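The values are calculated or read from the model by the stated rules, or taken from the named source; none is laboratory data. From a predicted model like this one, the values you see are computed outputs, not experimental measurements. Neighbour counts are summed over all protein chains in view; Cβ atoms, including those assigned to glycine, are modelled from backbone coordinates with ideal geometry. All accessible areas refer to the heavy atoms of the entire protein, side chains included, with ligands and DNA or RNA removed. Shrake-Rupley method; radii C 1.70, N 1.55, O 1.52, S 1.80 Å.
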Amino acid sequence: MTDMQLRDAVAPSSVPRHVAIIMDGNNRWARARGLSSAQGHRAGVESLRAVIRRAAERRVETLTLFAFSSENWRRPSAEVGALMELFMLVLKREVKKLHENDIRLTIIGERRRFSTSLQKQMGRAEALTRDNPGMHLVVAANYGGRWDIAQAARRLSQRVADGQIAPDEIDEKMLDREICLAHEAPVDLCIRTSGEQRISNFLLWQMAYAEFVFAQELWPDFDGDAFDAALLAYQQRQRRFGMSQQQVEVQGA
């Protein structure tokens, strides 16, 4: 299938509302070319631009990107330092482009471990784009799915301690309202690049019924057409949400 045929094959009427991406493979891409990990991460920024652009063109409502996990602090200090510098650079350079294209930016995760200057830059970027009506771009930084659920449980337990709610009032809906991205649609499609097939503690609650596409491309090789290929794979699935195939077919009739 040519790139043009691929683009035409994606049905606008069934594009997922919420797409999450685990951007994996920068280091392997760099090593294969005799480059540093920092150069691999910089190459990944080009793919970031292409995918954001294509997702907006496809009218995806929410695009959530796993930029830096709570476990990534275990990586070599030089790599972590380079990633922080790149994060700052991308925030400074790219946010104006997002704003010009009406894209709203939100950053989720525990920020206190980041430098004060980086935290301030995050706040400025979010403030600039806060009222934009276009696609919602979410960047998960120092984020972990277990942390997300734990901090939601902590807030509910405080409400119990304060006498605002009783323990037996807590249900899935109440917990859901305390989770990051509570006001967004659940994740419909999760893409992971580089051929790895795991979710790495990403959006554990939000991906309960997500479809998964494990792309073979390393992240710096993943572009808009690869994104379209993932959308097409998603559109060829039958989503059941616990129902039988027959029930789904009757509903769709």
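Structure notes:
- All conditions but one from (1) closer than 21 Å to Ala67 by Cβ; (2) open to solvent by 20 Å² or more (accessible area, probe 1.4 Å); (3) touching an Asp or Glu at 6+ places or on another chain (Cβ under 9 Å) apply to Ala150; the one that does not is (3).
- Residue in region 59-73 that is touching an Asp or Glu at 6+ places or on another chain (Cβ under 9 Å), modelled with pLDDT of 95 or more and under 15 Å from Ala141 (Cβ atoms) present: yes
- Pairs are defined by a Cβ separation below 6 Å, a sequence spacing of at least 6 or placement on different chains, a first member in region 65-86 that is open to solvent by less than 40 Å² (accessible area, probe 1.4 Å), and a second member that is of a type in the set (Val, Ile, Thr); the pairs so defined are Leu65/Ile21; Leu65/Val139; Phe66/Ile22.
- Here region 167-206 is the region considered, the condition is being without any contact (Cβ under 8 Å) to a residue 60 or more places away in the chain and in contact with a helix residue (DSSP H, G or I) (Cβ under 7 Å, 6 or more places away or on another chain), and the residue that is nearest to Ala226 (Cα to Cα) is Leu204.
- Restricted to region 21-38, and to residues there that are part of a helix (DSSP H, G or I) and open to solvent by 70 Å² or more (accessible area, probe 1.4 Å), the residue that is nearest to Ser200 (Cα to Cα) is Arg28.
- Condition check for Leu63: closer than 21 Å to Asn201 by Cα, assigned to a strand (DSSP E or B) and touching a Leu at 6+ places or on another chain (Cβ under 7 Å): yes
- Test: residue in region 130-145 that is under 23 Å from Ala20 (Cβ atoms), free of Cβ contacts under 8 Å to residues at least 40 places away in the same chain and in a helix (DSSP H, G or I): no
- Among the candidates Arg42, Arg49, Arg93, the residue that is without any contact (Cβ under 8 Å) to a residue 60 or more places away in the chain, open to solvent by 40 Å² or more (accessible area, probe 1.4 Å) and within 15 Å of the chain's Cα centre (by Cα) is uniquely Arg49.
Rundown of residues vs (1) of a type in the set (Lys, Arg); (2) surrounded by fewer than 16 Cβ atoms within 10 Å (Cβ to Cβ); (3) over 30 Å from Asp8 (Cβ atoms), yes/no style:
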position: Ala166; (1), (2), (3): no, yes, yes
position: Arg177; (1), (2), (3): yes, yes, yes
position: Ala185; (1), (2), (3): no, yes, no
position: Cys190; (1), (2), (3): no, no, no
position: Gln197; (1), (2), (3): no, yes, no
position: Phe202; (1), (2), (3): no, no, yes
position: Ala210; (1), (2), (3): no, no, no
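- In region 1-20, of all residues being in a helix (DSSP H, G or I) and not hydroxyl-bearing (Ser, Thr, Tyr), the one that is modelled with the highest pLDDT corresponds to Pro12.
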